[in-house]
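Contents: one structure, followed by commentary.
The values are calculated or read from the model by the stated rules, or taken from the named source; none is laboratory data. Everything numeric in this text was worked out from a predicted model, so none of it was measured. Don't worry about glycine lacking a Cβ; one is built from the backbone with ideal geometry, like all the others, and counts go over all protein chains shown. Ligands, DNA and RNA are stripped out before the accessible areas are found, and what is left, the full protein with its side chains, is counted by its heavy atoms. Shrake-Rupley method; radii C 1.70, N 1.55, O 1.52, S 1.80 Å.
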Amino acid sequence: GHSRGGEGVDRTALETPLSAPYRISGQVLIGPTDFGRQTAAYVHTATFLPYCDGDVSDLQGQIFTESARDLTRDDTALHSSVLMLGANHNFYNTEWTPRISVAPSFDDWGGDPEATCGRKTQERLSALQQRKVGKTYIAGAVHMMAADDQDVLPMFDGSSVRVASAGEADVRTHAVGGGRELRRPGEGARLGRVRGAEAQLCRGRVGVDSEGACGRFTTQERAPHWLPPFPRKLTTNKALEMTWDVAGQSAGLRFRSPLDLTTAKALDLRTIVDPKLGNVRLRVRVYDDAGRALTTPLGNGLVPALPRGPFSLSKHWAQTVRVPTNRLAGLDLTQITGFDLEAVSSDGRVWVLDAAAAPARLPSVPQKRLARIDLLDVRVDEGDGPAESLLAMPFVIRGQSETSARVVIQPIDTSAGRRIPTQVIRIPAGTRGGELEIPYEADTVDDLRVQRIEVAAFADRGVMTRHYLASARIIDDDPTPAISFTRTSPIDEGSEAKWSVHLAAQVDYYLAMVAKPIPPPPTVTELTVADVPPSFREEQLFPVPPLDTPMSQTQLYAYAQLDPGDTTATYSMPTLADERAETREAVTMRLRLVGIKDSATTRAIHVKDTSH
């Protein structure tokens, strides 16, 4: 699935039961959206992330990998992110590619053609090259996911490999799941000894003004691993952050329980390099339970930063930093207790998201699906208050929930006149359904006929969302107050003609009285443009017509607003005193109150001549 189709494919994997006449064993998501923060447990997933994506520019497809890490602890499916440098969003699709599509199409990456990701740069992939890389990795995914071909696993598990059929494209990967045993900073690992560097376990958030937030150096578009300010209250994963300004400085993690690497091909560290400070060179010092330590370079020692550039470039995206187990001879591989990163370059900044024992082969995947939560729409009568009221929004659990679950309920829109708090609900194992309590304000004042509260559910642990958007509709049960219109009549020329609307009681919404001139009865002479002051003509008549134009033939469309709580509004029209002897004149307005049915009326105001 491509783009929104990628999110659709993932929804299909979530929805298709094991009782179907086929089994979905894997999925390939190409530059996908993930508005619902959903991911399919127990389904191998390869998510293509085009570095020069000008459409899904925040690479939100990383959520499919990131949220899969901790959703459930028995998911052995591989969840792989495949970063394709030089690729844009549209060129994976022949119908979105210029010169070969039937429909209009374009290169979604804009900007300077000579700059990073520009079409004239050496690193940028052509449309043909991009589809060649895409087909290569789709084919590899099919071999691995559908045929259990373990020979192609290095294409997806963080290994540094080149595939001939992909040409010279720079493709980087990292993965979670797939039988990895993880150590998570802050949960399964603590901060180790710090030598000279600045180090902490930061919180995986962006847009938080705090020294403890990992994303304080960047923006959400550039930090696909870390949570944005919205939705709130999702579990925040921690990372090891290390900053240094002298070679030889170091910091690391100590595991709360030893990591067994005996059947692993490597110790993998998902590591972000800060693009602002550039490429770094590092060594890794690995410890065992007996206190022995062994230091080894990382590949050729270089861990490159991703290309810099404006807008969404300079990505903070985790590359696989790999320590092969064959370099750890002399350590007890059954009892690895931690590691330190030692700086070789003179300065830099990195974040380590987790450490893992990376297996050489994929294990079998359980024949199961995660339970799903549905939010259901609800309608309630408002009631009279005055205390805060609660409505019950039902939810249903589809499938068997084997563990307790955590779901964040986030208001996304409300016309109910108050701020609705974010909720966290914890659902015990085996739960089949329940209700959310949504607060709202009830009163005896006339409101909009229907107030609405929209909420979204974001799964955090133990369950996945299905219908994650729902609406609570609050039906107003208070009568609309009586309405009356008044006028000032007659008036002397040079005075103001005024029309007013009066409500018998306050209401809780905005209203507007609209006034439109209409012709008076034939026995009365109508005011013309010449009978109103020049300032009024300039401000309210568009364009200003000839002076002998009757007011009913102008474009005047006047109104007076009533704010919530107001009971009266008045529209005023000034008239001009002149020295001409005139017959009886009048201006007649068609009045109505916008927002209340059957509230139209006609009111004329007569203007007396004062020339004699």
Treating the angle as unsigned and between 0 and 90°, give the value, to the nearest 10°, between the Cα long axis of helix 127-147 and the longest Cα principal axis of the chain.
60 degrees
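Counting other Cβ atoms within 10 Å, which GluC sites (Glu not before Pro) in region 324-433 have at most 16 and lie in a DSSP loop?
Within region 324-433, the qualifying GluC sites (Glu not before Pro) (loop, at most 16 other Cβ atoms within 10 Å) are E388, E402.
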So between D347 and T422, what do we pick up on full extension, going 0.36 nm a residue minus the alpha carbon distance?
22.9 nm
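Given 10 °C and 1.306 mPa s, how large is the Stokes-Einstein diffusion coefficient of region 186-298 in µm²/s, with Rh as the Kirkwood radius over Cα pairs?
Numbers: Rh = 15.9 Å.
Value of D from the Cα-based Kirkwood radius: 100 µm²/s.
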Using alpha-carbon coordinates, inclination of helix 4-15 to the longest axis of the chain, degrees
70 degrees
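Step by step: find N for region 122-261, compute 2.2 N^0.38 Å, then divide the Cα radius of gyration by it. What's the final number? If you can, show how the numbers build up before the last one.
On the way: Rg = 19.1 Å, N = 140, 2.2 N^0.38 = 14.4 Å.
Taking the Cα Rg and dividing by 2.2 N^0.38 Å, one obtains 1.33.
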Between S484 and D289, what is the label-to-label distance in nm when each label sits 7 Å out along the Cα-to-Cβ direction?
9.0 nm
If you roll a 1.4 Å probe over the chain with all protein chains in place, what percent of the accessible area is carbon or sulfur?
50 percent
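Do any trypsin sites (Lys or Arg not before Pro) in region 1-63 lie in a DSSP loop with no more than 14 other beta carbon atoms within 10 Å, and if so, which?
Values: sites: R4, R11, R23, R37; in loops: R23, R37.
Counting only loop positions with at most 14 other Cβ atoms within 10 Å, the trypsin sites (Lys or Arg not before Pro) in region 1-63 are R23.
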log10 I(q)/I(0), Debye, Cα-only region 404-503, no solvent, q = 0.12, 0.14, 0.15 Å⁻¹?
-0.59, -0.69, -0.75
How much of L302 can a 1.4 Å solvent probe reach, expressed as accessible area in Å² and rounded to 10?
60 Å²
Label-point gap, in nm, between V246 and A146 - each point 7 angstrom along Cα→Cβ:
5.8 nm
Report the equivalent ellipsoid semi-axes for the chain in whole Å, largest first, defined as the square roots of five times the eigenvalues of the gyration tensor built from alpha carbon atoms.
65, 29, 24
Where only protein heavy atoms count, and the probe is 1.4 Å, what is the accessible area per residue for the chain in Å²?
44 Å²
I need the calculated FRET efficiency for the pair L376 and D578, taking r as the beta carbon distance and R₀ as 56 Å, to the nearest 0.05.
0.25
Quick calc: nm separation of the 7 Å Cα→Cβ label points for R449 and T296 -> 7.2 nm
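In nm, what is the difference between 0.36 nm times the number of residues separating T235 and Y557 and their Cα-Cα distance?
Values: separation 322, 0.36 × 322 = 115.92 nm, distance 5.37 nm.
So the chain would gain 110.6 nm between T235 and Y557.
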Given a Förster radius of 30 Å and the C-beta distance between F311 and T94 as r, what FRET efficiency does 1/(1 + (r/R0)^6) yield to the nearest 0.05?
0.70
Counting other Cβ atoms within 10 Å of each Cβ, which trypsin sites (Lys or Arg not before Pro) in region 425-483 have at most 15 and sit in a DSSP loop?
R432, R449
Residues L541 and H502, FRET efficiency given R0 of 25 Å [Cβ-Cβ distance, rounded to 0.05]:
0.35
Would you calculate, for the chain, the mean residue ellipticity at 222 nm contributed by helices, counting each DSSP H stretch of 4 or more residues as -39,500 (n - 2.57) and dividing by all residues, to the nearest 500?
-2500 deg cm²/dmol
